[in-house]
Structure formats: C-alpha cells, structure tokens
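Let me begin by presenting the structure, written as structure tokens, before commenting on it.
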Amino acid sequence: MATIWMEPTKRIALIAHDHCKADLLDWARFNRATLAQHDLYATGTTGALLQRELGLTIQCFLSGPLGGDQQVGAAIAEGRLDFVIFFWDPLEPQPHDVDVKALLRIAVVYNVPIACNRASADFLLSSPLMAASYPRQLRIESLANASGRE
C-alpha cells in the first residue's frame, strides 16, 4: 500500500455534461463559501460558466469532448487532483463517452473521491474529512496491473 496525503485544501475538479450544467451551477452557488476554500479546476465550458457566475478562480482544462476529461484523468494519475465532482448525464449519449468512462475508471483506480450527482456531491463536500488532511490509500499492485505491468 502507498499513502497519498490529501491536504486540508483539496484540489477539486468540477465537470458537468450540458444537460447538467444548470444543476452544477446551482449546487456550486449553494456551496460557494466551501468551494472558495479549495483549489478549483474544471473542464473548459463548465469552468468558464462557474468563473463567470461565481467569481471564483478556476483553472480550466479543455472542454470535455476536446480532451478535457482525459486531462482530468491525467491530473489524477499524476497526483495533481484530489477530488472530482462530475454531474454526468448517463441517459444522454456523449460523443466522448469513452473518455468519460476512462475518467470514472481512473478515479476509482487511484482511490479519488468522485461524486456523480448532487446527492453524492452534498455528502462528500459536507464531510468533516474535507477540512482535514486525509491519507488516501493506493494499492500498488492495482496501479501496476492497470498500467499493464506485473
């Protein structure tokens, strides 16, 4: 086992599919004070919307269909993100659906908390663990197997 420490200031990625952007924006407005205590990242369109509406600094990746989901996955694998809020629409086909599935997979492989709807986002963001350092455990053999190494 390896331990990755998540500091009290979490590095949070915010993502929303088109049909879920209004819901994420509403959720983010409600949680603005809490989100402002953390380092925020987002895929392109979502990040621009949140910056404009909330006035928070958000580091933006590319738009999801243009590689943003892959950039978020890479940031997780490289240890640059701690947490993902991804309001995704499982009922609407996405042109980059393979990238979405890969992002969800990488979050699980790297034991990164991921909320995929408003209820799970509420529970995760309101957790007492959000304000503390947290020892995220990684199974080394899982990472070796995921990368094709034995």
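Calculate the dipole size of the chain relative to its Cα centre from +1 charges on Lys and Arg beta carbons and -1 charges on Asp and Glu beta carbons; express the result in debye to the nearest 20. Show your work: numbers first, answer last.
On the way: 13 positive and 16 negative charges, 66 e Å.
The calculated dipole for the chain is roughly 320 debye.
Just to be sure I understand the model, the point goes 7 Å from the Cα along the line to the Cβ. What's the resulting ASP122 to ARG139 distance in nm?
3.2
When ASP23, ASP99 are ordered from fewest to most other Cβ atoms inside 10 Å of their Cβ, what list results? Show your work: numbers first, answer last.
Values: ASP23 16, ASP99 20.
Fewest to most other Cβ atoms nearby, the residues stand as ASP23, ASP99.
How large are Rg and Dmax for the chain when only the alpha carbon atoms are used, in Å?
14.9, 47
Report relative contact order for the chain in percent, whole number only (criteria: Cα-Cα under 8 Å, sequence separation at least 6).
Numbers: 227 pairs, mean separation 49.2, N = 150.
Taking the mean separation of contacting Cα pairs over the length of the chain, I get 33 percent.
Once phi is turned into ³J(HN,Hα) by the Karplus curve 6.51 cos²θ - 1.76 cosθ + 1.60 with θ = phi - 60°, what whole-Hz value does each residue of region 121-137 show in order, with x for glycine and proline?
Those phi angles translate into 5, 4, 5, 5, 5, 8, 5, x, 5, 4, 8, 10, 5, 9, x, 6, 8 Hz.
In a shell of Cβ-Cβ distance under 15 Å around ALA74, excluding ALA74 itself, what net charge do Lys and Arg (+1) and Asp and Glu (-1) give? Numbers along the way, then the final one.
On the way: positive: ARG11, ARG80, ARG105; negative: ASP69, GLU78, ASP82, ASP99.
Value of the local net charge: -1.
For THR43, what is the net charge nearby, where nearby means another residue's Cβ is under 11 Å from its Cβ and Lys, Arg count +1, Asp, Glu -1?
Counting the neighbours of THR43, the net charge comes to -1.
Using a simple charge model, +1 on the beta-carbon of Lys and Arg, -1 on the beta-carbon of Asp and Glu, nothing else, what dipole does region 1-51 show about its Cα centre, in debye to the nearest 20? Let's see the in-between values first.
Values: 5 positive and 5 negative charges, 18 e Å.
So the magnitude is around 80 debye.
Sequence-distant or interchain residues sharing an amide H contact under 5 Å with SER63, placed H: which?
GLY44, THR45, GLY68
Bear in mind that the values in this text are calculations on the coordinates, not laboratory data. Given the structure is predicted, the values throughout are model-derived calculations rather than measurements. Backbone-built Cβ (ideal geometry, glycine too); neighbour counts: all protein chains shown.
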